[in-house]
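The values are calculated or read from the model by the stated rules, or taken from the named source; none is laboratory data. Since the structure is predicted, the reported quantities are computational estimates derived from the model, not experimental observations. When we count neighbours, we look across all protein chains shown, and the Cβ atoms used for this are built from the backbone with ideal geometry, even at glycine. Please note that ligands, DNA and RNA were not included when accessible areas were found on the heavy atoms of the full protein model with its side chains. Shrake-Rupley method; radii C 1.70, N 1.55, O 1.52, S 1.80 Å.
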Amino acid sequence: LSALVTVVPVLRSGLGMAEGVLEMMPEARVGHLGMVRDETTLSPRVYLQKLPPNLDAGPVMLLDPMLATGGSACEAVSLLRKAGARDLRFVCIVASPEGIARMRAHDPQILIYTAAIDRTLNERGFIVPGLGDAGDRMYGTT
C-alpha cells in the first residue's frame, strides 16, 4: 500500500496551487484551511478547518503562494500537527528570509519548498518586491 498524500491549500490563494498539484497527483486527498490576516496585527485568524482523517498516513503538502511574515504559515503548521500530520511540507512560490526563519524556528522539521526568495518585508509585512496579494491577483478582487 502506498502512502496517502494530502494536499492542504490555505484558502483562497492556495487553491490555484492545489489545481496544479492535483493534476500531477490526482489520487491525493484534499483538506482546506481558511485563514485571513488581520492587517493591523499581522496575526492570522482561522475561519475554516476541514481536514481528512489520518493525516499521519503519508505526506501532507501545505500550499500557500506567499511566505511573508510566517504568521499564517506557522498557525497552519500548528493546526496540521495537532490534527496528526507528521511528514509536513510547506510549498510556496515566493518567500521572504524573515518568513523562512520564523518557520524554521517554529517547526525545525518542516520542509520548505519555494521557487524564489525575495529580499525582505516592508512595514506592512508584505514581501518586497513580491507579487502583491496572491488571492486578489488570481480572482480579480481587492
* Would region 42-62 turn up any residue that is more than 21 Å from PHE126 (Cβ to Cβ), assigned to a helix (DSSP H, G or I) and open to solvent by less than 30 Å² (accessible area, probe 1.4 Å)? -> yes
* Counting only residues that are in a loop (DSSP other than H, G, I, E, B) and within 15 Å of the chain's Cα centre (by Cα), which one in region 97-138 is modelled with the lowest pLDDT? -> ASP133
* Asked: Does region 78-96 include one or more residues that are more than 16 Å from GLY31 (Cα to Cα), in contact (Cβ under 8 Å) with a residue 12 or more places away in the chain and charged (D, E, K, R)?
  -> no
